[in-house]
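The values are calculated or read from the model by the stated rules, or taken from the named source; none is laboratory data. Being a predicted model, the structure only gives us computed values, none of them experimental. Cβ placement follows ideal geometry from the backbone for every residue including glycine, while neighbour counts extend to all protein chains displayed. Heavy atoms of the whole protein, side chains included, go into the accessibility calculation; ligands, DNA and RNA do not. Shrake-Rupley method; radii C 1.70, N 1.55, O 1.52, S 1.80 Å.
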Amino acid sequence: MFKLVFKQFKSKSTSPDLTEVVRIDDSVVKGIDQQHSDNNIVQRILFSNVESLQTMPGIKSPKDWRSYTLTNHPGIIVIRNPFSERGRRYWIARCLRDYPRTPNIVNLNERLFDESIRSDWWKQLSLCSDANEFQRIKSAMRWTTFGYHHNWDTKIYDEEMQSPFPEDFNSLCRLFAQALGYSDFKPEAAIVNYYPLGSTLSGHTDHSEPNKSAPLFSFSFGQTAIFLIGGRTLEEKPTAIYLQCGDVMIMSGESRLCYHAVPRIIKTQTSATLTLINEDVDDVDIGTNSMDKDLFHDVGNPQFWEPFSSYMDDSRVNINVRQVLNPGELKL
Ligand code: SIN
């Protein structure tokens, strides 16, 4: 059933029927739970203890977050865009400019791409003046890993295969984990997935981590994904939901080991729809979060932002993070 639904949404020959895709939108915000076929209900939830949470620049106050669960998929939580526009831009720039750099690992094949591109993709892309080569380099980037590197072949983490986990992203993950009551969560492995329009991610479960009970946090930016969340087997019919720019999805509890996939990316945003509210960035206290203050400032500059905006015009970026070790373990 999962594969069939995946195929229907992926199909290029027919337009998929989008009426059943769960849209977490204003009707829920107004207090009316949405009921879909299959009796799937989107419910708004409130987190306790968020009053005392120390938030970060670029993140709205946790008491204003709009968070939802799906009754048919216990453990799935979607926080609808808790970022400010500047916050979204900051994390997009980190995912494009900084994270795909050595010593992080990228998918780019050494037979097809020079070391200079494989070690600093965004820089070389920015320097490239040939339109065909630019497109080739741009569309080839599909993933970056850091922290414990996910091994796509063996699906086994290795103590020796790690790169530093960025402090600012660590703080971001811990903020969301704390809000949900997972104050012991340790972000240890991250995958950034880059999705040009037309790309997909087929159905899979995330079971490589020795720790399978810690939640998985997933941040979406750019164009909208149709995301399928199924059950523990491929037999169960998945639910399709829209993941939009800025959404944070948490796979916790029962859903942590469930099948999921991205069968389609839909273009819903243009740079013109994204306006920057010019917060006074000079007053922002970046200090304890190790955020890059210059970058947080620069993403508000139209010239600096233009190449990022242009990339996101036909792409989606998702960054997901897991805890690998069990509580009390210091290494694999
Ligand atoms: C993944 O499952 O690795 C990524 C999911 C997504 O892109 O939303």
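Flag set for Phe217, criterion: assigned to a strand (DSSP E or B) and either among the polar types (S, T, N, Q) or in contact with a strand residue (DSSP E or B) (Cβ under 8 Å, 6 or more places away or on another chain) (or both). Where helices (runs of 4 or more DSSP H) fall wholly inside segment 60-161, the ranges with 2 or more residues that are surrounded by 15 or more Cβ atoms within 10 Å (Cβ to Cβ) and of a type in the set (Phe, Trp, Tyr) are 85-93, 121-127.
Residues checked against (1) under 19 Å from Gly230 (Cβ atoms); (2) at pLDDT 95 or above; (3) within 11 Å of the ligand (Cβ to nearest atom):
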site: Asp184; (1), (2), (3): no, yes, no
site: Glu188; (1), (2), (3): no, yes, no
site: Val192; (1), (2), (3): no, yes, yes
site: Pro196; (1), (2), (3): no, yes, no
site: Ser199; (1), (2), (3): no, yes, yes
site: His204; (1), (2), (3): yes, yes, yes
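Scanning segment 293-332 for residues that are farther than 16 Å from Glu85 by Cα and part of a loop (DSSP other than H, G, I, E, B) yields Asp314, Gln323, Val324, Leu325, Asn326, Pro327, Gly328, Glu329, Leu330, Lys331, Leu332. Among the residues of segment 175-199, which ones are open to solvent by 20 Å² or more (accessible area, probe 1.4 Å) and within 15 Å of the chain's Cα centre (by Cα)? Answer for segment 175-199, where residues must be open to solvent by 20 Å² or more (accessible area, probe 1.4 Å) and within 15 Å of the chain's Cα centre (by Cα): just Pro196. Return the residue satisfying two criteria in turn: it lies in segment 294-326 and is among the polar types (S, T, N, Q) and open to solvent by less than 50 Å² (accessible area, probe 1.4 Å), and of such residues it is farthest from the ligand (Cβ to nearest atom). My answer is Ser309.
For segment 35-59, residues that are in a loop (DSSP other than H, G, I, E, B) and either at pLDDT 85 or above or out of contact with any Asp or Glu (no Cβ under 8 Å at 6 or more places or on another chain) (or both) total 11. Here Ser116 meets the list (1) more than 16 Å from the ligand (Cβ to nearest atom); (2) touching a Pro at 6+ places or on another chain (Cβ under 6 Å) almost entirely, failing just condition (2). Within segment 206-219, no residue satisfies the criterion of being surrounded by fewer than 16 Cβ atoms within 10 Å (Cβ to Cβ) and near the ligand (Cβ under 10 Å from one of its atoms). The sole residue among Leu234, Leu216 that is within 19 Å of Ala190 (Cα to Cα), at pLDDT 95 or above and not aromatic (Phe, Trp, Tyr) is Leu216. Contact annotation: no residue pair with Cβ atoms under 6 Å, 6 or more positions apart or on different chains, pairs a residue in segment 129-156 that is under 12 Å from Tyr194 (Cβ atoms) with a partner that is exposed (fewer than 14 other Cβ atoms within 10 Å of the Cβ). Note on segment 241-263: among residues that are open to solvent by 10 Å² or more (accessible area, probe 1.4 Å) and in a strand (DSSP E or B), the one that is modelled with the highest pLDDT is His260.
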